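Student: Handing you a structure now.
The values are calculated or read from the model by the stated rules, or taken from the named source; none is laboratory data. Values in this document were obtained by computation on a predicted structure and should not be read as measured data. For neighbour counting, all protein chains shown are included, and Cβ atoms are generated from backbone atoms with ideal geometry for every residue, glycine included. We work out accessible area using only protein heavy atoms, side chains counted, and drop any ligands, DNA or RNA first. Shrake-Rupley method; radii C 1.70, N 1.55, O 1.52, S 1.80 Å.
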Amino acid sequence: FINSIKGNLKLFNQLRRIYLGSIISAYLSVDIGKTNSDLELLLDTNFILGLIDLNSVESHHTCTKIVDISRKLGFKLSVLPYTIEETELLIERKSNQLEGSFFQGYLDPESIFSACVRRKLTKTKLLQIVTNLEKTLNKEFGVFIIGNDTKYRNLAKYQYSDVLKFYNELRGGKGWSAHHDTTAIAYVREKRGRIKLNGNILNGKCWFVTNTPYDIRTLNR
């Protein structure tokens, strides 16, 4: 049935969201019990924004449910200091633009501005979120803050220069964002080692998890 309506993109996307919600709900209703998985999920900036409810309602719902499921399965949730920095700087920048963003708050439901309109957040409230970000992630969601990522930042520059070039082109020359994403990829690949996935997600012991309504371009290797 799903294959038969793929031509109707609007209907297909609506059904896809419905089925995804049903699958997540089904997972949460199952008593999974203890697991021995050592799989690690490295969270991206957009995922963190969804988790702390600075994206759309749907993003917040999805991200929190993924975290709930992951914790039930015994997965490790972690975040790089680099990602914390990027998230804090992004929220701070948006807080400084908040007064002149009235229309933007109604145009893009995934934006921080839209979340501010919906939650009636002021600049002061946004800065409080920044101040408490690490504590919130750790205490409320069980996210482990990696102590030091200097090694992976250096690997991103030198050993993963091809990946850095890819993200630089993708980000339109935004060096900070490109280097952050490459650092995350370096972390994931170093954690995985030479293990082959062979179609099984659990064979990859570390994954970079983001949250976006848009298609994601990735390296073909």
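Student: Considering only protein heavy atoms, what is the solvent-accessible area of Glu92 at a probe of 1.4 Å, reported in Å² to the nearest 10?
Tutor: 70
Student: Could the peptides 157-164, 205-212 be put in order, highest first, of the mean number of other beta-carbon atoms found within 10 Å of their residues? Before the final figure, lay out each step's value.
Tutor: Values: 157-164: 15.1, 205-212: 16.9.
For the peptides 157-164, 205-212, the packing ranking is 205-212, 157-164.
Student: State whether the stretch 41-95 is rounded, prolate or oblate according to the following rule on the C-alpha gyration tensor (a ≥ b ≥ c being the square roots of its eigenvalues): a/c under 1.5 gives rounded; otherwise a/b larger than b/c gives prolate, and the remaining case gives oblate.
Tutor: Numbers: a/c = 3.97, a/b = 1.40, b/c = 2.83.
Verdict is oblate for the stretch 41-95.
Student: Next up: Label the stretch 46-190 by shape, choosing from rounded, prolate and oblate, from the square roots a ≥ b ≥ c of the eigenvalues of the Cα gyration tensor; if a/c is under 1.5 it is rounded, and otherwise prolate applies when a/b is larger than b/c, oblate when it is not.
Tutor: Details: a/c = 1.93, a/b = 1.30, b/c = 1.48.
Because a/c hits 1.5 or more and a/b fails to exceed b/c, the stretch 46-190 counts as oblate.
Student: Counting only protein heavy atoms and a 1.4 Å probe, tell me what percentage of the stretch 40-196's accessible area is made up of carbon and sulfur. Show your work: numbers first, answer last.
Tutor: Values: 4200 of 8160 Å².
Roughly 51 percent of what the probe reaches on the stretch 40-196 is carbon or sulfur.
Student: Over the stretch 130-171, give the accessible area per residue in Å² for a 1.4 Å probe, as an integer. The partial results should precede the final answer.
Tutor: Values: 2650 Å² over 42 residues.
Here the per-residue accessible area is 63 Å².
Student: Quick one: which residues, 5 or more positions from Lys76 or on another chain, have an amide H under 5 Å from its amide H? H modelled 1.01 Å from N in the peptide plane, none for Pro or chain starts.
Tutor: Sorted by chain and number, the residues that satisfy this are Leu39, Glu40, Leu41.
Student: Count charges around Gly50 for me, please; just the other residues with Cβ under 12 Å from its Cβ, Lys/Arg as +1, Asp/Glu as -1.
Tutor: On the way: positive: Lys65; negative: Asp44, Asp53, Glu58, Glu110.
Spelling it out: positives minus negatives among the neighbours equals -3.
Student: Calculated FRET efficiency, Asn138 and Gln159, Cβ-Cβ r, R0 30 Å, to nearest 0.05?
Tutor: Values: r = 30 Å, r/R0 = 0.99.
Efficiency, from the Cβ-Cβ distance: 0.50.
Student: Could you work out how far apart the two model spin labels at Leu89 and Gln128 are, taking each label as a point 7 Å from the Cα in the direction of the beta carbon, and quote it in nm?
Tutor: Going from the Leu89 label point to the Gln128 one covers 2.6 nm.
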